[in-house]
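Participant: Right, I'll just put the structure down here and ask away after.
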Amino acid sequence: MDKIKNSSSYRHSLFISRHSRAGGNPLEWSTVFGQVTAYAGITGFIGFVLLLTTSCSGPSHNDHSPLVQIEKHSNSNIEYSVSSDPFTYGIEKVAVTNSEKDTLFFIPNRVNHLVSFPCNNCHTQALGNMVSDDPSGKKAHWNIKLNHATDEALTCLTCHSSNDVEYLRLNNEKEIHFNQSQKVCAQCHSTQSNDWVGGAHGKIIGGWAPPRVSNTCVNCHDPHSPAFETRWPSRLNTVKIQELDPK
Amino acid sequence: MFFKKKKNVNEETAPQHTEKCGGDSCGCQQADGFDQVIKKPLDRRSALKGLTAGLLAGTGFLNSSCSVTAGDTDKELASLKWDEYFKGNYQLMTAEEKKATVARLEKMYALNNGGKINISDKGAAKDVLYGYAFNISKCQGYMDCVNACVEENNQDRDSQMQYIRIHEFKKGQMNFEMADDNFYHEVPAAGHFYMGTQCFHCENPPCVDVCPVKATWKEKDGIVVIDYDWCIGCRYCQAACPYDGRRFNWSTPHVPENELNKDQHYLGNRPRKKGVMEKCTFCIQRSRSGENPACVEACPTGARIFGNLLDPNSTIRWVIENKKVFRLKEDLGTEPKFWYFMD
């Protein structure tokens, strides 16, 4: 900055001195020249000092940091004038609770969406009695291929109760309703489960405003084949492609 | 950066402040758009200039409004256009003025296109500061968010304007110059990861600082918005944005009538015109009624998280407090309210 100022003043002083030669007393003008250069030097110095002081204090990050705002203005009892309810209309909700039975948030009801639930519409026996090693035997759910972990880790009876076909099963042999299936998943996938309860994993449906409604594990992952296939993007940037490669 | 003015830019208080002291007379802050245009002291030259410009614009309106041959619709349209032409900056409007301009815009749309649109002027709620988190482990490059954004926000279809960019990175680096934004293959591609960018709604937005007419500002709930009727299209904001967050309408935006989203907000997805800026508004028309932005709703992976930063029980707060997060170009001091994180 001081350099710029100096050079412009210098050019200015040159301009004056050239005129001084054209007419008038050259001695008189040379003192003016000296004064102008001195003046330029002083302004340059002031400019330099200003530059130093302002650039060091710089833009204060804290004035505008959202983290500071969070610290200063957080409020755990916000009275919202909006709600996510209108956006989850028609979704039957089931509460997710913690160990103290406090409701944390909601998930969509699962059994309403299971095609052939309840199972006793077809099955009269417990699942444990239907297990057979005969490879030629007919399978009720022939289309389900278990593509989840390895055969050594999982079989049907790891998650489905062997006593009552309507229920899932936890590792401690407790039976659990299909609407609480996330508890079955959480036994192995505890990291994902913690992220899901916190809100970092899984999709929140409806709105950001309370009450929170999140998709549960099985809304996105097929429990029998939880990984996702590759697919085509839902759009291609055709204009950009044309720009890059015109016909 | 070095020449940045040492001034506490408080967007909320600035307009009232200048109004109270009557612009530049007391030397407190620079005059805003209204003061610059309406209250400026007139000399003969600028008065004549203003008169000529006004006459030029006015004769067009007058021609149709006073014409014997023009129909009632034309006259009504001309009168609405006249009022719209001389309205002020949205930030300085009173609640009644906001309602009036919204009503005029709705009426003008009805007269021009025969349909009905709803334009909201809903303001920021108390105790709300919007924030966004993006999980780069989860994003698969499906581009569903881009489609949803375009449909929701009525972007120009002809130029395929998009607020969101999905960048495909080869694993091992995160260099935006090496990223592929126009990938043309099944996703996710092996050995690649994906990352979305859009307007980050900085708490210290450089785009707002450079606007010469105060047509863009940060709302109380943290959303950076544009008054499309006050923007002069100088594109300073586009140059100032370090994140490529802003878009310009080089031609009159075109959205087919049957694809137009008719639930609109004055500061959001209402139809724009040629020569004005636009950008992501966190879907202001949705978010201010408690709904998630269209990109969050459309993302099938749950990579996008939106919420209130001031609510300790919100999911966005949980992500910031429990995951390892980062923001882009933090060293610039722009303070984006858009965090990236990994599983």
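The values are calculated or read from the model by the stated rules, or taken from the named source; none is laboratory data. The structure displayed is predicted, hence computed values, not measured ones. Glycine gets a Cβ as well: all are built from the backbone with ideal geometry, and neighbour counts include every protein chain shown. Note: areas computed on protein heavy atoms with side chains; ligands, DNA, RNA excluded. Shrake-Rupley method; radii C 1.70, N 1.55, O 1.52, S 1.80 Å.
Participant: In debye, nearest 20, what is the charge dipole magnitude of the range B:206-280 about its Cα centre with +1 on Lys and Arg Cβ and -1 on Asp and Glu Cβ, if you could check?
Facilitator: 180
Participant: So, one more: Given the pairs B:LYS126/B:LYS218; B:LYS81/B:LYS279; B:LYS274/B:LYS329, which are separated by over 21 angstrom at their Cα positions?
Facilitator: Long pairs (Cα-Cα over 21 Å): B:LYS81/B:LYS279; B:LYS274/B:LYS329.
Participant: Same structure again: For A:SER99, A:SER193, give me the order by solvent-accessible area with a 1.4 Å probe, most accessible first, ignoring ligands, DNA and RNA.
Facilitator: Descending accessible area places them as A:SER99, A:SER193.
Participant: Round to a whole angstrom and tell me the spacing of the C-alpha centers of the range B:282-314 and the range B:192-247.
Facilitator: Using only Cα atoms to place each centre, the spacing works out to 19 Å.
Participant: Ballpark to the nearest 100 Å², how much total accessible area do B and A bury together, probe 1.4 Å?
Facilitator: That pair hides around 5200 Å² of surface in total.
Participant: Is the range B:65-161 best put as rounded, prolate or oblate by its Cα gyration tensor, with a ≥ b ≥ c the root eigenvalues, rounded for a/c under 1.5, and otherwise prolate when a/b is larger than b/c, oblate when not?
Facilitator: oblate
Participant: Mind checking the range B:193-267 for trypsin sites (Lys or Arg not before Pro) that DSSP puts in a loop (not H, G, I, E or B) and that have at most 15 other Cβ atoms within 10 Å?
Facilitator: B:LYS220, B:ARG235, B:LYS262
Participant: Within 10 Å of each Cβ of B:198-207, how many other protein chain Cβ atoms are there on average?
Facilitator: 2
Participant: Averaged across B:298-309, how many Cβ atoms of other chains sit within 10 Å of each residue's Cβ atom?
Facilitator: Taking all residues of B:298-309 together, the mean is 5.
Participant: Right, next: With a 1.4 Å probe on protein heavy atoms only, tell me which residues of the range A:191-219 lose at least 20 Å² of accessible surface in the complex relative to the chain by itself.
Facilitator: The answer is A:ASP195, A:GLY198, A:GLY199, A:ALA200, A:HIS201, A:GLY202, A:LYS203, A:ILE204, A:GLY206, A:TRP208.
Participant: Between A:THR97 and A:GLU175, what is the label-point separation in nm under the 7 Å Cα-to-beta-carbon projection?
Facilitator: 1.9
Participant: Further, regarding this structure: I'd like the distance between the alpha-carbon centres of the range B:109-151 and the range A:152-198, rounded to an integer number of Å.
Facilitator: 37
Participant: Taking 0.36 nm per residue of separation and subtracting the Cα-Cα distance, what length does fully extending B:GLU330 through B:MET178 add?
Facilitator: So the chain would gain 52.7 nm between B:GLU330 and B:MET178.
Participant: Something else now. Give the average, rounded to an integer, of partner chain Cβ atoms located within 10 angstrom of each Cβ in B:333-343.
Facilitator: 3
Participant: Let me understand the range B:206-280 better: what is its radius of gyration from the alpha carbons, and its Dmax, in angstrom?
Facilitator: Radius of gyration, then largest Cα-Cα span, for the range B:206-280: 12.5, 38 Å.
Participant: Would you mind working out the accessible area per residue for the range A:145-199, using a 1.4 Å probe, and quoting it in Å²?
Facilitator: I get 60 Å² per residue for this part.
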